[in-house]
Amino acid sequence: MSLLDNDTRNQLTEMFESLQKSVKVVVFTQEFECQYCTETRQIAEELAALSDKISLEVYDFVADKALADQYGIDKIPATVIVEGGDEGKDFGIRYYGIPSGYEFSSLIQDVIMVSAGDPQLSEETKTWLAALETPVHLQVFVTPTCPYCPQAVLLAHRLAMASELVHADMVEATEFPHLSNKYQVMGVPRTVINENVFQEGAVPEPMMLEKLKEAVAVAA
């Protein structure tokens, strides 16, 4: 049974007509003992079927461990958005957990962003990222029913696209309770930056830039 209804498929098909460069969706899954792995793979399959600019690769987290390690995948279900083609660039954009509910819109916007090749950040942010020398890891904790979470996820993914030193994960909080407990996630979105700097809520780009500067200063 399809997860996308006809209206959604038609809307997305029309949106994807403007895709520029090809985009590859890479899914790591496992058929047994993985909550929402089947649904995550099905979302990716149905998405890829809507445009010849979107390709899909599905791998087993255990059987394809070498590739999982190459992508830095340490939990599943995991979805990676990269440029299309054999040598497609990996921007460090990750989804851990099913990208459903409001987070489905994040997935769509990421496909469009990677296809366009433009993270649409301010000149101030791009200048700061260009001078960045310290790796930055963003983990944005979300739930599918949170209407503000996509804004936080998309900003994190835009930052990752703009710098090879930035990696950004969406983490579905209820699927990974050990991480939610570790980072004391009491509400979403909550962005964890380099393990020890936190940002509550979906904030504007300038506020997130200040948090990034704080995280880099702490790491120095």
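The values are calculated or read from the model by the stated rules, or taken from the named source; none is laboratory data. Note that the structure is predicted; figures quoted are calculated from it, not measured. Cβ sites come from the backbone with ideal geometry, for glycine too, and all protein chains shown count toward neighbours.
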Residues that are out of contact with any Asp or Glu (no Cβ under 9 Å at 6 or more places or on another chain), surrounded by 17 or more Cβ atoms within 10 Å (Cβ to Cβ), among the aromatic types (Phe, Trp, Tyr) and under 24 Å from Leu179 (Cα atoms): does the stretch 75-94 have at least one?
no
If you go through Ala202, Ala215, the only one that is more than 20 Å from Pro135 (Cα to Cα) and either touching a Lys or Arg at 6+ places or on another chain (Cβ under 9 Å) or not assigned by TED's automatic domain parsing to the domain that holds Glu103 (or both) is Ala202
Suppose we filter Val185, Val142 for residues that are β-branched (Val, Ile, Thr), crowded, with 18+ Cβ neighbours inside 10 Å and farther than 19 Å from Pro204 by Cα; which single one remains?
Val185
Select from the stretch 98-126 the residues that are free of Cβ contacts under 8 Å to residues at least 60 places away in the same chain, on the phi < 0 side of the Ramachandran plot and assigned to a loop (DSSP other than H, G, I, E, B) and write down the one among them that is farthest from the chain's Cα centre (by Cα).
Asp118
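A quick yes/no check of all residues on (1) of a type in the set (S, T, N, Q); (2) within 22 Å of Ser55 (Cα to Cα):
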residue	(1), (2)
Gly92	no, yes
Gly117	no, yes
Ser122	yes, no
Phe141	no, no
Leu159	no, no
Leu165	no, no
His178	no, no
Gln184	yes, no
In the stretch 113-132, which residues are under 16 Å from Gly92 (Cα atoms) and charged (D, E, K, R)?
Asp118
How many residues of the stretch 189-220 are touching a Gly at 6+ places or on another chain (Cβ under 9 Å) and assigned to a loop (DSSP other than H, G, I, E, B)? The answer is 2
What about Ala202, is it out of contact with any strand residue (DSSP E or B) (no Cβ under 6 Å at 6 or more places or on another chain), touching a residue at least 24 places away in the same chain (Cβ under 8 Å) and buried (at least 18 other Cβ atoms within 10 Å of the Cβ)?
yes
Of residues in the stretch 1-56 being loosely packed, with under 14 Cβ neighbours inside 10 Å and small (Gly, Ala, Ser), the one nearest to the chain's Cα centre (by Cα)
Ser18
Hey, among the residues in the stretch 130-139 that are of a type in the set (A, V, I, L, M, F, W, C) and not in a strand (DSSP E or B), which one's surrounded by the fewest Cβ atoms within 10 Å (Cβ to Cβ)?
Ala131
Can you work out which of the residues in the stretch 107-129 that are farther than 20 Å from Ala215 by Cα and polar (S, T, N, Q) is surrounded by the most Cβ atoms within 10 Å (Cβ to Cβ)?
Ser115
